[in-house]
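Remarks on the structure that follows.
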Amino acid sequence: MTPRPWMTVRRLPLPDLLRHLGGIAPERVCLDPPPGTATEAHVDDFDVHHDRLFELIDGVLVEKVYNARDSMLGVRIGCELGNWEDRREYGAITGAAGPFKFGPRQVRMPDVALTSWDRLPNGIPRKPVPDLVPNVAVEVVNPANTPGEMARKLADYRAAGVELIWYVYPDRREVEVFTPGPGGVTLTAADTLRGGKVLPGFALPVADIFRSRAPAKKPGRRGRN
């Protein structure tokens, strides 16, 4: 019998476990419950009772990292997706606290996700951690997210059936676009983020994602009170 991933990680010393998870910082790993034994119920419990967000990777609780800027960028992209969805009634949009169970002891929480109604035949699920795969997943990459961690997450998204993945890099002002095929495309502030076949007609200038100041106010007309 081939050992399951969560059975394997139980035997790993902490340095090897951190490498298995993509070289993340040790303080992001929850040790209670012990690595390899956590379930989606623990994900929900930490969110509801402790106001902390954890993803579940091979039975290991790994805390999400984010800051105010990450949240603002995620909301901005979510609003643009919402504007697009309103015109098409495509599906449901979730934020960073929206979990998706990809398989046994595997739960991911994209910063923004869009799930088509085709994948929601019974409407919005009531389960705290639904067995569900979004069509689109957006990750605002925090400085604490390691390249190995993001590579593992990308592989998980692709294996689960996510059709369109956007990695947003605030410091670089770039967006990496991934589809089910190999490789990806990097967009800069001079480019436009498009939805392709998954989100036909969606277009968002990359520069607008990273806008950091309010638009200049237009001068009012003279002679008006």
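Summing charges over neighbours of ASP131, with a neighbour being any other residue whose Cβ is under 14 Å away from its Cβ, gives +4 when K and R count +1 and D and E count -1. Relative to the longest principal axis of the Cα atoms of the chain, the long axis of helix 147-160 lies at roughly 90 degrees. The relative contact order of the chain, computed from alpha carbon pairs under 8 Å that lie at least 6 residues apart in sequence, is 15 percent. Counting lysine pairs in the chain whose alpha carbons fall under 20 angstrom apart, excluding pairs fewer than 8 residues apart on the same chain, gives 4. Summing charges over all other residues whose Cβ lies under 10 Å from the Cβ of PRO180, with Lys and Arg as +1 and Asp and Glu as -1, gives 0. Spacing of the modelled spin labels on ARG194 and ARG4, each 7 Å from Cα toward Cβ, amounts to 4.4 nm. Calculated on C-alpha atoms, the gyration radius of region 79-225 divided by its Kirkwood radius gives an Rg/Rh of 1.05.
Every number here is computed from the coordinates shown, using simple stated rules; none is lab data. Just so you know, these numbers come straight off a predicted model, no measurement behind them. With ideal geometry, Cβ positions are generated from the backbone for all residues, glycine too; neighbour counts draw on all protein chains shown.
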